[in-house]
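What follows is calculated from the coordinates using simple rules that are stated; it is not laboratory data. Note that this is a predicted model, so its numbers are computed, not measured. Counting neighbours? That spans all protein chains shown, and the Cβs are built from the backbone with ideal geometry, glycine included.
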Amino acid sequence: MSRKLPYSRVSVVGLGYIGLPTAAVLAAHGIDVIGVDISKEAVNAINAGRIHIVEPGLAALVQRAVGAGLLRAAEKPEAAEVFVIAVPTPFLQDTAGATPTPDLNYIRAAAESIAPVLKPGDLVILESTSPVGTTEQMSQWLQSARGDLVFPQRDTNSPVDIHIAHCPERVLPGRVLEELVENDRIVGGLSAACSDAAVAFYRRFVRGNCIVTDARTAELTKLTENAFRDTNIAFANEMALICNHLNIDVWELIRLANRHPRVDILNPGPGVGGHCIAVDPWFIVSSAPEQAQLIKQARTVNDTRPTYIVEQVQRVVHSLKNPVIACLGLAFKPDIDDLRESPAMQITLQLAKTLCCELLAVEPNIHCLPRTLVELAVEFADLDSALARADVVVILVDHKEFLQLNTTHFSHKSVIDTRGLLPRLDNGERGEPQRGSRGLLTDTV
Ligand code: SAJ
């Protein structure tokens, strides 16, 4: 007689860039999944087998899962054995200059929405990136909503009705489906039994290791990973500033320094975008403001980068008569459609507001421009026509379409290359950035 596998019915709360791929991967492993989202449009799209975000391979996976009857979306939670919470944790900045603080309202709303359908034996996993202490806080919110059930509290191993763990998502947009399965998982239960329950769940679809710790350490681990990357990008961006001041090619400098066996400098760019690396370090700063000096300074270096790029473009434009400017890329990184917290968007917006010239925007991953740009008379252009018309080209994202160009496409134009794309074209490098390949045009930043 076949034995039912543990956790065969899972609810994923929040069907965004993490929740939807997670739901689809679970369904692909034969698990019955109910996805929950407050957006009616997202729910309707998913139930029709379509997706509302761009992620390689996801459309086909969702279509198959919905077709097989293993994935269904709803606006309200239903009973399940596991609840995976994958809702946003943005930050709030009350006044300019103040340290941003985490906004836990989405987590609270998600917890309160699942509370009525919880039953003894269920497992609740918080995957949203969270400041230290959030998982305990979530357990308290659940306890307040369901006085009839026993939820775990910090540092106690007494029997509970519901198991709770924090298992931060750590997947890279653009490689989500692969990383969801292959990456190691940090599993931080509120007790040893909570961790065991969460490990049993992840083992159903994760090929990487499941490494157990407590919830607070799991929370800080995720924040640390993103703060580490932010600080390293800030170092590269600061080197770009120093090189510009000393008239040295930063790409060549980094390529040379990286030949040292213990040096691995990241790439400078137009700033750090997305809703993770530009946000999560603030969760550390707000919880330990006196101690987190370097992390805070790195945030400032990266946050000031878009303004610096705008100033570079303005300098070039002011020496020309009625130039046409083309901004290549609006997304926060290559080959995705995500414009949230994108420095490329921020730069294009600032240019549109401050320059009185024709401004073209090229973004191969979207179908139309965001309204904010349309209202400022920015024109949505395809790559060929933008390159044919532009006098000034601002390279903001190294999308695969731009890597297919060659340097002759840019001849007789002023180019502000924030991604070190031109040297890669000249060397015939179409893939990942070769850190620090030599810059060619004098107008590049
Ligand atoms: N960037 C640079 N220079 C670089 C690398 C990146 O300027 O050398 C910029 C990118 O252009 C982008 C930003 O940084 O604007 C962030 O991009 P990313 O690719 O570094 O990271 P994310 O935000 O897409 O995903 C990160 C990942 N974290 C780490 O690599 C430590 C991912 O594993 C996390 O799951 C994700 O944050 C998240 O959800 O927290």
Practice problem: Can you list which of the trypsin sites (Lys or Arg not before Pro) found in the range 148-205 are DSSP loop residues with at most 15 other C-beta atoms within 10 Å? | Solution: R154, R175, R203
Quiz item: Between H412 and H29, 0.36 nm times their residue separation minus their Cα-Cα distance comes to what?
Solution: 132.5 nm
Quiz item: Computed over the Cα atoms of the range 40-157, what is the convex hull's projected area averaged over all directions, in nm²?
Solution: 10.1
Quiz item: What number, in nm² with one decimal, is the all-direction average of the projected area of the convex hull of the alpha-carbon atoms of the range 9-214?
Solution: 11.5
Exercise. May I ask for the angle, rounded to the nearest 10°, between helix 19-28 and the longest principal axis of the chain, with both axes built from Cα atoms and the value confined to 0 to 90°?
Key: 60
Quiz item: Under unit Cβ charges (Lys, Arg +1; Asp, Glu -1), what dipole magnitude, rounded to 20 debye, does the chain have relative to its Cα centre?
Solution: 540
Quiz item: How large is the helix-only mean residue ellipticity at 222 nm for the chain, computed as the sum of -39500 (n - 2.57) over DSSP H runs with n ≥ 4, divided by its residue count, in deg cm²/dmol to the nearest 500?
Solution: -12000 deg cm²/dmol
Exercise. Return one number: the angle in degrees, 0 to 90 and rounded to the nearest 10, between the long axis of the Cα atoms of helix 105-114 and the longest principal axis of the Cα atoms of the chain.
Key: 30
Quiz prompt | Listed residues D230, D384, D335, most fluctuating in the chain (Gaussian network, C-alpha, under 10 Å) | solution = D384
Practice problem: Using only the alpha carbons of the chain, determine the length spanned along each of the three principal axes and report them from longest to shortest in whole angstroms. | Solution: 74, 50, 43
Quiz prompt | Residue among S414, S130, S144 with the largest mean-square fluctuation in a Gaussian network model of the chain, springs linking Cα atoms under 10 Å | solution = S144
Quiz item: Loop-only check: which trypsin sites (Lys or Arg not before Pro) in the range 286-394 are DSSP coil with at most 16 other Cβ within 10 angstrom?
Solution: K321, R340
Quiz item: Using 0.36 nm per residue, how much length does the chain from E75 to V263 gain when fully extended, once their Cα-Cα distance is taken away?
Solution: 62.8 nm
Quiz item: Between N47 and K321, what length comes free when the chain is fully extended (0.36 nm per residue of separation minus the Cα-Cα distance, one decimal in nm)?
Solution: 93.3 nm
Self-check item: Computed over the range 152-252, Kirkwood Rh from alpha-carbon pairs, angstrom
Solution: 16.0
Quiz item: Picking from A288, A326, A197, which is most flexible by a Gaussian network model of the chain using Cα springs under 10 Å?
Solution: A288
Quiz item: Can you list the trypsin sites (Lys or Arg not before Pro) in the range 1-73 that are in a DSSP coil and have 14 or fewer other beta carbons within 10 angstrom?
Solution: R3, K4, R50
Quiz item: From Cα coordinates alone, what are the radius of gyration and Dmax values for the range 261-309 in angstrom?
Solution: 12.3, 35
Exercise. Report, largest value first, the span of the C-alpha coordinates of the range 263-440 along each principal axis, in whole Å.
Key: 51, 39, 33
